[in-house]
Amino acid sequence: MDTRPKVSSLLNRMVNYTNLTQGAREHEEAENVPPGKKKPTKTPQMGTFMGVYLPCLQNIFGVILFLRLTWVVGTAGVLQAFGIVFICCCCTMLTAISMSAIATNGVVPAGGAYFMISRALGPEFGGAVGLCFYLGTTFAAAMYILGAIEIFLMYIAPEAAIFHSSDPLKAPAAMLNNMRVYGSAFLTLMVLVVFVGVRYVNKFASLFLACVIVSILAIYAGAIKSSFAPPNFDVCMLGNRTLSQHNIDICAKTQERDNITTTTRLWAVFCNSSDRLNASCDEYFHHNQITVIQGIPGLASGVITENLWSSYLTKGEIIEKPSLHSVDVLGALNQQYVLGDITTSFTLLVGIFFPSVTGIMAGSNRSGDLKDAQKSIPIGTILAILTTSFVCILTGRRGGGLNMADEQLEQEKEGGQHVDLSNVVLFGACIEGVVLRDKFGDAVHGNLVVGTLSWPSPWVIVIGSFFSTCGAGLQSLTGAPRLLQAISKDNIIPFLRVFGHGKANGEPTWALLLTAGIAELGILIASLDMVAPILSM
């Protein structure tokens, strides 16, 4: 209550209590407007498919799918990766069923999950859940921006990096600084876009969705093609250790030129002289041979047997292929090796993968734009979860490979293996294990790993994933301030009242500034693998 009431007024209001928040400005204004002066409202036009199903698919098939899914499969192995995706899909399915129970229990107001909960279960539940949902949406914006920057700096324009390091152990730290600089610039640009033209963000939503669909179809096409013509991505191995191909021209120690044996760039990296064949070389380099293996051997190669089991790494550990012969000498840590950048575990991988399935709220957030929200939200959300779960874990091939497209679908999202008989997952069955564990594609000439399987070119995935992550970041920066504004207007938490105000047209200016500040904290963390677990929580 805005004023201290008399006892009679207090008792009267308690008797007439409803679960709508008392004193909410928009409700009082709506009730006090005479019937003839009410402004006509636009009739919602969106159905289940366009309003719920496709937005959920766009958010679920996002940055984690393109940047981390292959790495999760290679690190956890197809069996444990199956468990990770199964756990996450179960969580989202239970959440969707609960949300459907609320949506079908009465009128669904505009405002997404916050309004659904606060108007159905009361403002206390709504405020508590709404604040967590707001923080999650804000950190999601940071995660999408970091994903876009990683795609830009790793695969589109590596020469744009500002900070560099010749030490292989310090190179990740230099990349984090690049992520902070470019991420802050991208965040500023996106906030300006949201501040100036939100209508254009919504208009381009279909374009961003098209990028996701085209990228997934490209992986489908590449998977079908790999059954009879696998793409040629050579991986250079020294003994059983994986080598980065960024700074080497030939995968060999020496080469013949005009009947003269000369050294290669690889020789110069491991030896103290770049042109003398009798130079002193690294001990491991001296005792082990250089071999070339196929990064995408294809479904018939049997590589699935090696990818079944987990291969967790510690930070700075060299990515190895256990089945290759290697002379057991230590040697020195060299910048040419492909190294693990973080220490991994099953729990960490669950935290990193989980944001991939949190897009199920995208449909409910558009509840005010749906023709029949009570019908569209349950059907559209659950169908989207079943579709993406099917893509993740359930499809495979038997014998002749007639279900290649289905198998490819599964690879995209998860790369695990179904426990039933001969069902397999595409990532585990098509891609070499050392390539799967190579997070940034150093062993395949710096290509995006999921892009190596796509057709007609890895650039289809790179460009498509870049625009889709940018679009998802804009959507998060658009939705989060409005969620905070709705919570603030309900006056559940008094000190948040200032964020309920905005521009004359209702745009949440102050809420947008707070959202940008919190998102900047995520940008300063700079690592997608560190921000994703925060979003999972």
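The values are calculated or read from the model by the stated rules, or taken from the named source; none is laboratory data. Just so it is clear, the structure is predicted and the values come from calculations on it, not from any experiment. No Cβ is skipped: glycine too gets one built from the backbone with ideal geometry, and neighbour counts run over all protein chains shown. Just so you know, the surface numbers come from the protein's heavy atoms only, side chains and all, with ligands and any DNA or RNA stripped out. Shrake-Rupley method; radii C 1.70, N 1.55, O 1.52, S 1.80 Å.
Against the definition (in contact with an Asp or Glu (Cβ under 7 Å, 6 or more places away or on another chain), of a type in the set (A, V, I, L, M) and part of a helix (DSSP H, G or I)), how does Ile352 come out, yes or no? Answer is yes for this residue. Would you please name the residue that is farthest from Phe186 (Cα to Cα), looking only at residues in the range 455-469 that are open to solvent by 20 Å² or more (accessible area, probe 1.4 Å) and in a helix (DSSP H, G or I)? Among those that are open to solvent by 20 Å² or more (accessible area, probe 1.4 Å) and in a helix (DSSP H, G or I), it is Pro458. With respect to the conditions (1) open to solvent by 20 Å² or more (accessible area, probe 1.4 Å); (2) among the aliphatic types (A, V, I, L, M); (3) at pLDDT below 85, Ala486 lacks only one, and its number is (1). Quick one: would you say Ile156 is within 20 Å of the chain's Cα centre (by Cα), in contact (Cβ under 8 Å) with a residue 60 or more places away in the chain and open to solvent by less than 20 Å² (accessible area, probe 1.4 Å)? Considered against the rule, which asks whether it is within 20 Å of the chain's Cα centre (by Cα), in contact (Cβ under 8 Å) with a residue 60 or more places away in the chain and open to solvent by less than 20 Å² (accessible area, probe 1.4 Å), Ile156 comes out as no.
From the list Gly126, Gly147, Gly130, exactly one residue is assigned to a helix (DSSP H, G or I), more than 26 Å from Ile352 (Cβ to Cβ) and open to solvent by less than 10 Å² (accessible area, probe 1.4 Å). Which is it? Let's see the steps before the verdict.
Details: Gly147 fails: more than 26 Å from Ile352 (Cβ to Cβ); Gly130 fails: more than 26 Å from Ile352 (Cβ to Cβ).
The unique qualifying residue is Gly126.
A quick yes/no check of all residues on (1) of a type in the set (D, E, K, R); (2) open to solvent by less than 60 Å² (accessible area, probe 1.4 Å); (3) at positive phi:
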site	(1), (2), (3)
Arg241	yes, yes, no
Thr263	no, yes, no
Val269	no, yes, no
Ser274	no, no, no
Asp328	yes, no, no
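Of all residues in the range 361-372, those satisfying the criterion of being open to solvent by 10 Å² or more (accessible area, probe 1.4 Å) and in a helix (DSSP H, G or I) are Met361, Asn365, Arg366, Gly368, Asp369. For the range 503-515, name all the residues that are surrounded by fewer than 23 Cβ atoms within 10 Å (Cβ to Cβ) and either at positive phi or under 31 Å from the mean Cα position of the chain (by Cα) (or both). Within the range 503-515, Gly506, Glu507, Thr509, Trp510, Leu513, Leu514 meet the criteria. Close contacts from the range 211-239, counting a first residue that is modelled with pLDDT of 85 or more and β-branched (Val, Ile, Thr) and a second that is part of a helix (DSSP H, G or I) and open to solvent by less than 30 Å² (accessible area, probe 1.4 Å), with Cβ to Cβ under 6 Å and a gap of 6+ residues or different chains, come to Val214/Gly464; Val235/Ala443.
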